[in-house]
1. Does Pro139 qualify as being at pLDDT 95 or above and over 28 Å from Ile41 (Cα atoms)?
2. So which residues in segment 335-349 are open to solvent by 80 Å² or more (accessible area, probe 1.4 Å) and either over 17 Å from Thr270 (Cα atoms) or touching a helix residue (DSSP H, G or I) at 6+ places or on another chain (Cβ under 6 Å) (or both), if there are any at all?
3. Just to be sure, is Val246 within 11 Å of ligand 1 (Cβ to nearest atom), surrounded by 24 or more Cβ atoms within 10 Å (Cβ to Cβ) and either over 13 Å from the mean Cα position of the chain (by Cα) or of a type in the set (Phe, Trp, Tyr) (or both)?
4. Which of the residues spanning segment 252-282 are more than 12 Å from ligand 1 (Cβ to nearest atom) and either in a loop (DSSP other than H, G, I, E, B) or over 15 Å from the mean Cα position of the chain (by Cα) (or both)?
5. Restricting the search to segment 7-45, which residues are of a type in the set (D, E, K, R), more than 27 Å from Asn256 (Cα to Cα) and assigned to a helix (DSSP H, G or I)?
6. Could you please find all residues in segment 283-330 being aliphatic (A, V, I, L, M) and within 16 Å of ligand 1 (Cβ to nearest atom)?
7. Is there a residue in segment 320-334 that is of a type in the set (Ser, Thr, Tyr), without any contact (Cβ under 8 Å) to a residue 24 or more places away in the chain and surrounded by fewer than 20 Cβ atoms within 10 Å (Cβ to Cβ)?
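The values are calculated or read from the model by the stated rules, or taken from the named source; none is laboratory data. Source: prediction; values computed, not measured. Neighbour counts are summed over all protein chains in view; Cβ atoms, including those assigned to glycine, are modelled from backbone coordinates with ideal geometry. Accessible surface areas use protein heavy atoms only, side chains included; no ligands, DNA or RNA. Shrake-Rupley method; radii C 1.70, N 1.55, O 1.52, S 1.80 Å.
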Amino acid sequence: MKLICDLPSPKSLPDKYVLPPEKRPCDNELRDDLSVALPVIDLRGAMGDGRRQVIGEIMEAGKEFGFFQVVNHGVEEDVIQGFREAAAEFFRMPEEAKLKYYSNEPNNPFRVFSGSVTSHTDTNDIRYWRDCLKLRCYPVDKLMHHWPLEPEIFRERLAKYAVEVQDLARRLLRLIAEGLGLDDQFFEGDLTGGETMMNVNYYPSCPNPSLTLGIRPHSDRYILTILSQGDVSGLQVKHKGRWIGVQPIDNAFVVNFGLQLEMVTNGVLTSVEHRVVTNSAKARMSVATLIRPNMECRIGPAQVMVDGDTNPPKYRDFTGSELIEAYETTAGNREALLEMFRIHHTKLC
Ligand code: OGA
Ligand code: NI
C-alpha cells in the first residue's frame, strides 16, 4: 500500500506498472500535437439571445465528439484554482497523513487509492500510473463531515467548488434537454439526484510513458462528467477509431456524457471512450465531477426519444444501483455495459 507520489523518484518504470504490449500507447500517440482542437463553447450567451446558438453548438459537438470544452461557464477562476491548490496540497502531505484514508472499498465516501484495477477485463491485477482521491462532494452539507480537516483549506475550498460545479452541471443539462427536445427540467430530480462523485486524479511524472497509462480506456458511467484538467495535457478521446488529445485551456471545463445519458437518449448522445497518457516532464492533476442518479431511480430511454415502429427503445429500464453494479462487472467497458441493458429486437418478416 503505497501512493505513486510517495515513491522515491524512480529512474525506470517499476515492473508492476508495465502494461502488456497490446495495452500500451503507441509512440505516435504520445506526441503533444495530437491535440486536435475539441470544440470550445462559450456559455456567455446561454442565458440571453445566444441560447439557441449555444444549444446548437453543444448538440453538434456532443454528436460529433461526445466531448467538448466550455469557457465563460460562470465558475469563478478563484474557486477553480482555490480547490486545485487545496487538492495539490493534499497530495503533498506526508505519506502517513494520506494513508489514513487509503481504501479499496467503493462505497467509502472519502478515500485514497492508487492505480490498481482488478476486474473481469483487466486480469493479473494490472496497475496504472495514477493516485486518486475519490469522494462524494454534493450535497455539501450532508457530506462535508467525511472530508479531511487537513490541509486546513480543503473543506471550505471543496464546498465552494462543489456548489458551483453542480450549478454548472444543472445549467448544462437544461441546455442539453432543450437540445434534445425534452422539457428543460427533464434531468432534474431522480436522474441527477444521487450524491455527486469526484475523482481527484494525480498522475506523478512518469519515467516511461510509452509503457503505461494513467487511466485505462473507459466510458464514464452516469449522466455528465465535468472535468478540470489543469494546464498539462494527457486526456485522450476516441474519435473515429483514433485517439485524439484534449488541448488544455486555462480554467475551461471538459464536459462529456456518461453511459446513463447514452441510454436515456436512446443512443442519440454517446458516451465516448477516453484514457489518460502519462508524462515524463510534469505531474498532472485533474478533477472530475460526476453527476449521478438516485440509487432507486428508474432509468431507461425517455419517451420522447423513442417511437414504437421506427425507433424502438434500444435499452430496457434499470435502476441506479443496477447501473453501478453493471459498471463494476464490466470495468467501464462501454460495449460490455451497454450490452447488459440492450434490447434485441427481432425483425418480423
Ligand atoms: C475520470 C477521467 C480524465 C483525466 O476520472 O473518469 O476520465 O483527465 N479522468 O484525468
Ligand atoms: Ni473518465
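1. So Pro139 does not fit the description; no.
2. Met340, His344, His345, Thr346, Lys347, Leu348, Cys349
3. Here the answer is yes, as Val246 does meet what is asked.
4. Ala252, Met263, Val264, Thr265, Asn266, Gly267, Val268, Leu269, Thr270, Ser280, Ala281, Lys282
5. Asp15, Lys16
6. Hits for segment 283-330 are Ala283, Met285, Val287, Ala288, Leu290, Ile291, Leu323, Ile324.
7. Looking through segment 320-334, none of the residues is of a type in the set (Ser, Thr, Tyr), without any contact (Cβ under 8 Å) to a residue 24 or more places away in the chain and surrounded by fewer than 20 Cβ atoms within 10 Å (Cβ to Cβ).
Here is a yes/no grid of residues against (1) modelled with pLDDT under 95; (2) touching a strand residue (DSSP E or B) at 6+ places or on another chain (Cβ under 6 Å); (3) among the hydroxyl-bearing types (Ser, Thr, Tyr):
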residue	(1), (2), (3)
Met59	no, no, no
Lys63	yes, no, no
Val70	no, yes, no
Arg84	no, no, no
Asp131	no, yes, no
Ala162	no, yes, no
Asp167	no, no, no
Arg170	no, no, no
